[in-house]
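*Asks:* There's a structure below that I have some questions on.
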């Protein structure tokens with residue numbers, strides 16, 4: 001499924017899109033589960049451990065912008081990241097030892113799906129080495145008008161930009177004026193439903209409001225080399241090892257000379273990236289009324 005040329009492209013650009021990795025049957029099952037989860041969100045009017053809600057969410061008109069940690073919410077999402085085709089790709093891009101760092105399902109409903117401001121994932125969870133990437137599973141056909149993820153090639157080998165706000169707290173985004181040249185070079189991760197993007201943890205990326213009449217749901221997994229240890233520490237070693245996708249537990253972290261900025265002090269509004277970024281006075285993307 002992944003050629004040597006694809007691997008070289010990932011190493012060069014820090015991002016690739018692999019067409020239609022997820023089969024039609026699995027895709028249909030995922031959509032069914034997602035619809036059930038969105039319907040169930042009618043029972044709450046506040047953010048929960050499962051739901052991050054869109055502004056304007058009501059029980060009569062459920063609006064969900066994120067399902068948190070879907071691999072813990074439904075077995076299907078855990079099965080996908082552990083499936084043979086995905087492991088084959090990850091092994092070629094990261095290496096033989098793999099650990100799931102986390103997952104989320106970002107949902108962009110037609111006409112109002114929330115944007116995500118420009119950032120690097122590395123700013124949120126720096127590790128002892130940066131052999132880490134994010135998988136973006138396209139659950140809908142994705143093109144320029146329904147809010148694709150935009151990634152700037154080559155930024156995975158450059159600096160780690162400041163993601164802190166004027167108050168000195170972690171804000172989860174970069175001042176867009178600082179990266180305007182990089183933004184101008186960004187490319188969209190587009191494709192048919194079932195395709196998957198793979199972007200390096202240090203790659204600059206963001207996504208705009210969904211202005212189309214179609215949804216754009218993106219299932220995301222963060223996957224690290226098993227010898228990459230989070231600099232914020234490991235609270236539960238057994239739970240940490242339960243997220244191994246391949247390989248054995250590792251107690252000797254591999255250290256690399258990579259630039260790091262810690263996401264501290266924490267943001268005033270903690271929660272999802274949407275909550276963290278909402279405290280910033282500067283934004284790049286337009287938002288729904």
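The values are calculated or read from the model by the stated rules, or taken from the named source; none is laboratory data. Not measured: the values here are computed from a predicted model. All Cβ positions, even for glycine, are placed from backbone atoms using ideal geometry, and neighbour counts span all protein chains on display.
*Asks:* Please state which one of 242, 207, 226, 278 is surrounded by 18 or more Cβ atoms within 10 Å (Cβ to Cβ) and without any contact (Cβ under 8 Å) to a residue 40 or more places away in the chain.
*Replies:* Values: 242 fails: surrounded by 18 or more Cβ atoms within 10 Å (Cβ to Cβ); 207 fails: without any contact (Cβ under 8 Å) to a residue 40 or more places away in the chain; 226 fails: without any contact (Cβ under 8 Å) to a residue 40 or more places away in the chain.
Testing whether each residue is surrounded by 18 or more Cβ atoms within 10 Å (Cβ to Cβ) and without any contact (Cβ under 8 Å) to a residue 40 or more places away in the chain leaves just 278.
*Asks:* Identify, by number, the condition in (1) over 22 Å from residue 140 (Cα atoms); (2) touching a strand residue (DSSP E or B) at 6+ places or on another chain (Cβ under 7 Å) that residue 43 doesn't meet.
*Replies:* With respect to (1) over 22 Å from residue 140 (Cα atoms); (2) touching a strand residue (DSSP E or B) at 6+ places or on another chain (Cβ under 7 Å), residue 43 is out only on (2).
*Asks:* To continue, here is another question. Can you name the residue in segment 115-134 that is more than 22 Å from residue 72 (Cβ to Cβ) and in contact with a strand residue (DSSP E or B) (Cβ under 7 Å, 6 or more places away or on another chain) and, of all such residues, is modelled with the lowest pLDDT?
*Replies:* Quick first cut of segment 115-134, residues more than 22 Å from residue 72 (Cβ to Cβ) only: 115, 117-120, 122-123, 126, 128-131.
Now drop any that are not in contact with a strand residue (DSSP E or B) (Cβ under 7 Å, 6 or more places away or on another chain), which leaves 115, 117-119, 129, 131.
Values: 115: 85, 117: 95, 118: 96, 119: 97, 129: 98, 131: 98.
Filtering segment 115-134 for residues that are more than 22 Å from residue 72 (Cβ to Cβ) and in contact with a strand residue (DSSP E or B) (Cβ under 7 Å, 6 or more places away or on another chain), the one modelled with the lowest pLDDT comes out as 115.
*Asks:* While we're on this one: Keeping to segment 15-41, report how many residues are surrounded by 12 or more Cβ atoms within 10 Å (Cβ to Cβ), modelled with pLDDT of 95 or more and within 22 Å of residue 94 (Cβ to Cβ).
*Replies:* Counting residues in segment 15-41 that are surrounded by 12 or more Cβ atoms within 10 Å (Cβ to Cβ), modelled with pLDDT of 95 or more and within 22 Å of residue 94 (Cβ to Cβ) gives 6.
*Asks:* Being modelled with pLDDT of 95 or more, loosely packed, with under 14 Cβ neighbours inside 10 Å and within 29 Å of residue 54 (Cβ to Cβ) is the requirement here; does residue 264 meet it? Step through it out loud before you land on a result.
*Replies:* Numbers: modelled with pLDDT of 95 or more: yes; loosely packed, with under 14 Cβ neighbours inside 10 Å: yes; within 29 Å of residue 54 (Cβ to Cβ): yes.
Here the answer is yes, as residue 264 does meet what is asked.
*Asks:* Looking at (1) in contact with a strand residue (DSSP E or B) (Cβ under 9 Å, 6 or more places away or on another chain); (2) over 20 Å from residue 127 (Cβ atoms), which is the only condition residue 269 fails?
*Replies:* All conditions pass for residue 269, except number (1).
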